[in-house]
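Structure, as structure tokens:
The values are calculated or read from the model by the stated rules, or taken from the named source; none is laboratory data. Just so it is clear, the model here is predicted, and its values are computed rather than measured. FYI the Cβ positions are ideal-geometry reconstructions off the backbone, even for glycines, and counts take in every protein chain you see.
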Amino acid sequence: MHQVQVTTFSNDADVPALLELGKRLLNTPAVQPENPDPAQSTAPKITHSLNKLLRAGHQIHFVQYQGREYIFKVFADLGQHSPGRRLGFFIDSWLKNPAEKSYQGACKLKELGIPAIEPVAHLSGRWGIHRRGLFIYESVQAQYSLKEWLNSDVSSQQRKESIHQLCQITRQLEASDYHFADFKLDNILVEENSDTNFRLVLIDTDEVLKSRLKKLAPLPKHWKKWLSLWHLRRLKPKAPLDMQFLKCHLAENHHPYDLGTWRLIRNFQPNPAKWLKRKKRKESRNRFTYRAYRITTHLPQEQAEAILDSFLDENYKVLATYKNSKRSCSQRVKTSDKQDLVFEQPQAQYQRLGYKIRNLFKAGEAVQQYSSMRLLQSLALQGPEALLAAEKPVKGLPKKGLVVYRHAEGEAADPDNPQHVKIIATALLHLHSYGYTRDDPRLNNYLINKGQPIFIDFLLEQPLLFRKTRLRMEFIKFLRRYPEAIEFLSASERTSKSFRLTQLVKNLGQRKKKSKRAKTP
């Protein structure tokens, strides 16, 4: 072992005792050392430890000293990972030790006046060809992460205020030309001062990085906007809280298509092997096979199997039949356990040759509908609650499909009611602001419940090519039936040349279709 290098944030008298314990932990990072003699009541004492070596590459020790709690975060490679992960740890430790990055990130946040963990010191040393590091900081008096706190029983005003606080932090970082690369709600703690007062505290400060956006001044503005959106790639598009924060963060300088651009950017992964590994892990977590059906669901496996059993054994009572054609069959049923569900069996895509070829590389229509319903909830829009999708493969291709979702209450949207047209047009534009189309925007594909629109019979799609044009074409299709909805478009969009050109092309295409139908005997 070479000499341990030490950097401290303060010169308080209690720091040397903490540094001495830190040096001992660097020598044995995976084993909790013996506490000092109980008679030495003034010495630091380890209360408990968390071993995160396999998952995150570090170990955490909680230390009590002079009535205060400190956290010792040890970064070390102990040979418990795959060779690729170990090589990554080795390179990172020599380029810049994670403990040093955590210490410098916490110092920078303190300098900027952003609430974060209080740094004490960092230590680094060399063991053979490997380097180890240790970061010491004061513990935060918080019981929940921001994600757990928002999902708990908090008021709507507290939820709104916490998201507003978080937006202030991210905007302050951007104004200082920094960004928090590991930005996710799990890395933010809530410190409650009373029942109503609280503040957010950033942890995992090893990813506070210089954004370098100011050095890219010669580049086009939309390139710099893409880079700023890339900094928020850790947020999850299917998490409603993440999406609420993202819309609030972009509110001051928000373009209608920024959220759709963010979804495309966050899916870019420079390492294809890592992307495939994540995708495979996600699919294995949400999918399983039962009675020759491949099931995709977020429910517990036993509950999903019970729903599929009731469908296959016809152990249900049909309350209403919505559709029964070659394209699909949709029935409202009541199962034996008194659940009010809808069994929908899409059939059109499974019979066409083009869709059969596409299904070799993409999920079938049932899974697409299930994913669309789940995605709609994350966009702060209302629709049926999807439960599962099941597909029966024949020779590797899905032959039959089933989508199960809860019955949504509401009255059918009335085309003669101006208020209903306004509600649906506003919801459709809200969906377009995320960069998604819904396939058929007619009013009979919506329900109205207490003045809120409910999407039904939809299939969300995010166009990769000519996205703005495709979104405009769908709204123009809506305008053809309900021209009064034009007033809900912004004045700049309504008068733009691109919108007028798209409207002209769409109308010409519609006239051509009508003339063909008129000539057909």
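From the list Asp182, Asp186, the one residue that fits, being charged (D, E, K, R) and closer than 17 Å to Leu209 by Cα, is Asp182. Could you tell me whether Phe311 is crowded, with 16+ Cβ neighbours inside 10 Å, not hydroxyl-bearing (Ser, Thr, Tyr) and not in a strand (DSSP E or B)? Yes. Give the residues of region 319-337 that are loosely packed, with under 13 Cβ neighbours inside 10 Å and closer than 16 Å to Glu409 by Cα, sorted by residue number. Correct list: Ala320, Thr321.
What residue, among those in region 466-521 that are aliphatic (A, V, I, L, M) and more than 35 Å from the chain's Cα centre (by Cα), is surrounded by the fewest Cβ atoms within 10 Å (Cβ to Cβ)? Of everything passing the filter in region 466-521, Ala518 is surrounded by the fewest Cβ atoms within 10 Å (Cβ to Cβ).
Rundown of residues vs (1) within 23 Å of Phe455 (Cα to Cα); (2) over 31 Å from the mean Cα position of the chain (by Cα); (3) part of a strand (DSSP E or B); (4) outside the structural domain of Thr437 (by TED's automatic domain parsing), yes/no style:
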| site | (1), (2), (3), (4) |
| --- | --- |
| Asp337 | no, yes, no, yes |
| Val342 | yes, no, yes, yes |
| Gln345 | yes, no, yes, yes |
| Ala366 | yes, no, no, yes |
| Tyr370 | yes, no, no, yes |
| Pro384 | yes, no, no, yes |
| Leu388 | yes, no, yes, yes |
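In this structure, Ser378 qualifies as in contact with a helix residue (DSSP H, G or I) (Cβ under 9 Å, 6 or more places away or on another chain), of a type in the set (Gly, Ala, Ser), under 27 Å from Glu302 (Cα atoms) and surrounded by 14 or more Cβ atoms within 10 Å (Cβ to Cβ). Taking region 51-100 as the range and being of a type in the set (D, E, K, R), under 16 Å from Gly125 (Cβ atoms) and at pLDDT 80 or above as the test, the residues that pass are Lys73, Glu100.
Here Glu192, Glu118 are screened, and the one residue that is in contact (Cβ under 8 Å) with a residue 12 or more places away in the chain, in the same structural domain as Glu69 (by TED's automatic domain parsing) and either closer than 20 Å to Asp242 by Cβ or acidic (Asp, Glu) (or both) is Glu118. Within region 144-168, if we keep just the residues that are touching a residue at least 12 places away in the same chain (Cβ under 8 Å) and within 25 Å of His61 (Cα to Cα), the residue that is surrounded by the most Cβ atoms within 10 Å (Cβ to Cβ) turns out to be Leu146.
Residues in region 347-356 that are out of contact with any Ser or Thr (no Cβ under 8 Å at 6 or more places or on another chain) and either assigned to a loop (DSSP other than H, G, I, E, B) or surrounded by 11 or more Cβ atoms within 10 Å (Cβ to Cβ) (or both): 6 in all.
A quick yes/no check of all residues on (1) touching a Phe, Trp or Tyr at 6+ places or on another chain (Cβ under 9 Å); (2) assigned to a strand (DSSP E or B); (3) closer than 18 Å to Glu118 by Cα:
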residue	(1), (2), (3)
Lys160	no, no, no
Gln165	yes, no, no
Thr170	yes, no, no
Asp186	no, no, no
Val201	no, yes, yes
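Residues in region 424-438: is at least one charged (D, E, K, R) and either surrounded by fewer than 18 Cβ atoms within 10 Å (Cβ to Cβ) or in contact with a Cys (Cβ under 7 Å, 6 or more places away or on another chain) (or both)? No, that holds for no residue.
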